[in-house]
Structure formats: C-alpha cells, structure tokens
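The values are calculated or read from the model by the stated rules, or taken from the named source; none is laboratory data. All values reported here derive from a predicted model rather than from experimental measurement. When we count neighbours, we look across all protein chains shown, and the Cβ atoms used for this are built from the backbone with ideal geometry, even at glycine.
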Amino acid sequence: MVAELSSAVAVEVARAATLLVSKQRICILTGAGISAESGIPTFRDKQTGLWENYRAEDLATPEAFARDPKLVWSWYQWRRQLVHDKQPNPAHRALAQWQQHCARVNQQLTLITQNVDDLHEQANRLEQTIDKVIHLHGHLWRNRCSHCDKAYEGNTPMSNREVESVEKNADKPSYRFDDSLLQCTHCGSYIRPDIVWFGESLPVDAWQTAEEAAAHCEVFISIGTSSLVYPAAGLAQLAKQNGAKIIEINPDPTANDIVDITLAEKAGIVMPVLIEQIYQHSFP
Ligand code: OAD
Ligand code: ZN
C-alpha cells in the first residue's frame, strides 16, 4: 500500500499518524471529494449530460425551487439516480474502522460530513460500527414539505424507483427515478429534498455538535472539501483558534490556509495507509 504514495506524501502520512496517536480528541470533516472515488462527481466538477448548462449554486436554492420546482426536483431525482448504486470506497471503510479503533483505545472521534449521500453510514454497516455521522447539509434520501416542513414518509425515493425498461436479454432491469412532483399530505405544498440549500440555516443540533467538537478537538482533519462553503469551512478555523493542529487530505490545493500537515493525495489511497500506521503505533 505504502508503495502507492510518493515518498513526500509518505513522510507526511507518518507525521500525521504520530500526531494522531498522541491526542485524545479528533474531529473530522468530510466533503464531496471523499465520495469522488465511489463515482459521485464533486460540486466543483462540471456537471454532465442533461445538466451541463446548470451550476449547483443555481439549482440548490429555495429561490430556484420557488421559481421552478419541477426543474430542481428533477435535478435531485437525477442525482439520486446517479448515487443510488454507489458504494463506499476505501476512505469511507478506513474511517469506519478507525471509529471502531478509537472506541477501543478511548480516543474521541467525531465524524462530520457535508455530504448528503449515505456512504459513511454504508461503510459503518459494512464494518459493523455503530458510531454516528453528523450531517451538516442534510440527506439525499429524505424528503420534507417545502412549506410546513413535515417529513415526507408517504413515497420515499426507494418506492419512487420505477422500472423503466426491461430490455430483452438484459441481465438486470434499468431503473429510473420518477421526476413528477410530490405533494404534502398535510398542506398540499410541494415536497422537496431534505437538504440544506444555499442561503438556508444548518440543522441546529448537527451544527451545535460540530461546533463543540471542532472547538474542543486537538486535531482537526479536513478530507475532500474545497473549504469554500461556509459555515462548514469555518470549523477548521475554530479548531485552529482553540489550539488544534490541522491536517488536510486533498490531491489539490484548497482555500484552507491554516493547514499544519497536508496529505496531497486521494483520500481512498491515503486513508487506508494512515489507519494502518495508526494501528502499528497502537499495537507495535
Ligand atoms: P467541492 O466539490 O467544493 O470540493 C471537493 C474537493 O474534493 C475539492 O477540493 C477536490 O480537490 C477534492 N477531491 C476530489 N477528489 C478527491 C479525492 N479522491 N480525495 C480527496 N479529495 C478529493 O465539495 P465540498 O467542499 O464538499 O452543499 O462542497 C461543499 C458544499 O458545497 C457541498 O456540501 C454542497 C456544495 O454546494 C450542499 O449541497 C448544501
Ligand atoms: Zn406541508
């Protein structure tokens, strides 16, 4: 595994592992980049196909939904189509294993994500970890009313999934997410995805937990995020102000300029090596 890392990155991974085993409280923030190796495009990637003329910032807003609910709902149904068969990659799996390890050695690890996919949860199930994941930007697989906020249970995205065509001789049917608008059974307003859009507040409980974890951690790790979208991007600064060391895992430079250790490599490559080294420190 280590062979896949350049020697410069390997040196930094070793520094990060030494630091991490010496501290008690670790806070991790993940972004779209951690799911990139599972085949889910990031937000700064150009959109493809039907949606190539749109930017996420123009679709993920309450104003866009008010103006054209069908357009925004169709975009999310398309995203669900894109994500529904994606699986956790080695970075998600390594993080789930690390959560388990931290529980055994009495370290506190808080995992916060900006992602709306459920790949951290899927990895936790695969690794049989019961730890929670704090979602700052909501959940792609949940819906709620755009007016009265009631959770929409009636017709979940799974039951929205329709067989589009069962082609002759095809091994598997292909699926399509229905893009007809749904209406709230309480007030009749349109149903929207339970996702935090630009200009909206973050869920209070999730944000409070994230702020506390960032303010009290000794090491803050930022994985696969461009650090452009606030308030999530401010968590690293909060951690730094309170004396934490900052580690960043990202193959490309980001807006985060307070990093102490940069692991300039894909998360799916670097995370398993980092975890292996942490184990070696713990059980030499
Ligand atoms: P971005 O799309 O802004 O950034 C993704 C980051 O992942 C970039 O810095 C890439 O360099 C990095 N990256 C790409 N592949 C990677 C890999 N294999 N390993 C590690 N890093 C990799 O995504 P976020 O920072 O998550 O909001 O975006 C923040 C928020 O803006 C999102 O949650 C979303 C978006 O609009 C909502 O949906 C509310
Ligand atoms: Zn309603």
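Computed quantities for the displayed model
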quantity: Options THR262, THR254; residue that is farther than 30 Å from VAL204 by Cβ and among the β-branched types (Val, Ile, Thr); calculated: THR262
quantity: Enumeration of residues in region 183-207 that are closer than 17 Å to PRO69 by Cα, aliphatic (A, V, I, L, M) and more than 14 Å from ligand 2 (Cβ to nearest atom); calculated: ILE195, VAL196
quantity: Among the residues listed as ALA14, ALA64, the single one being modelled with pLDDT of 95 or more, within 22 Å of GLU276 (Cα to Cα) and either of a type outside the set (Val, Ile, Thr) or buried (at least 20 other Cβ atoms within 10 Å of the Cβ) (or both); calculated: ALA14
quantity: Condition broken by ILE191, with the remaining ones in (1) outside any loop (DSSP other than H, G, I, E, B); (2) over 15 Å from CYS148 (Cα atoms); (3) hydrophobic (A, V, I, L, M, F, W, C) satisfied; calculated: (2)
quantity: Test: residue in region 207-223 that is under 25 Å from ALA36 (Cα atoms) and over 18 Å from the mean Cα position of the chain (by Cα); calculated: yes
quantity: Of the criteria (1) within 16 Å of ligand 1 (Cβ to nearest atom); (2) modelled with pLDDT of 95 or more; (3) hydrophobic (A, V, I, L, M, F, W, C), which one CYS148 fails; calculated: (1)
quantity: Checking ALA64 against (1) among the small types (Gly, Ala, Ser); (2) outside any helix (DSSP H, G or I); (3) farther than 17 Å from ILE223 by Cβ, the condition it does not meet; calculated: (2)
quantity: Number of positions in region 87-143 that are over 13 Å from the mean Cα position of the chain (by Cα), within 16 Å of ligand 1 (Cβ to nearest atom), crowded, with 19+ Cβ neighbours inside 10 Å and part of a strand (DSSP E or B); calculated: 1
quantity: Where ARG79 falls short, out of the listed (1) surrounded by fewer than 18 Cβ atoms within 10 Å (Cβ to Cβ); (2) assigned to a helix (DSSP H, G or I); calculated: (1)
quantity: Failed condition for SER180, given (1) touching a residue at least 12 places away in the same chain (Cβ under 8 Å); (2) outside any strand (DSSP E or B); (3) farther than 27 Å from GLU127 by Cβ; (4) not aromatic (Phe, Trp, Tyr); calculated: (1)
quantity: From PRO231, PRO284, PRO272, PRO253, residue being more than 10 Å from ligand 1 (Cβ to nearest atom), within 19 Å of ALA36 (Cα to Cα) and not aliphatic (A, V, I, L, M); calculated: PRO272
quantity: Residue in region 63-85 that is in contact with a Phe, Trp or Tyr (Cβ under 7 Å, 6 or more places away or on another chain), among the β-branched types (Val, Ile, Thr) and under 18 Å from TRP141 (Cα atoms) present; calculated: yes
quantity: Among the candidates ILE261, ILE191, ILE247, ILE275, residue that is of a type outside the set (D, E, K, R), touching a residue at least 40 places away in the same chain (Cβ under 8 Å) and closer than 30 Å to PRO62 by Cα; calculated: ILE191
quantity: Any hit, region 52-61, residues being among the β-branched types (Val, Ile, Thr) and in contact with a Leu (Cβ under 7 Å, 6 or more places away or on another chain); calculated: no
quantity: Test result for HIS84, surrounded by fewer than 19 Cβ atoms within 10 Å (Cβ to Cβ) and within 30 Å of ASP131 (Cβ to Cβ); calculated: yes
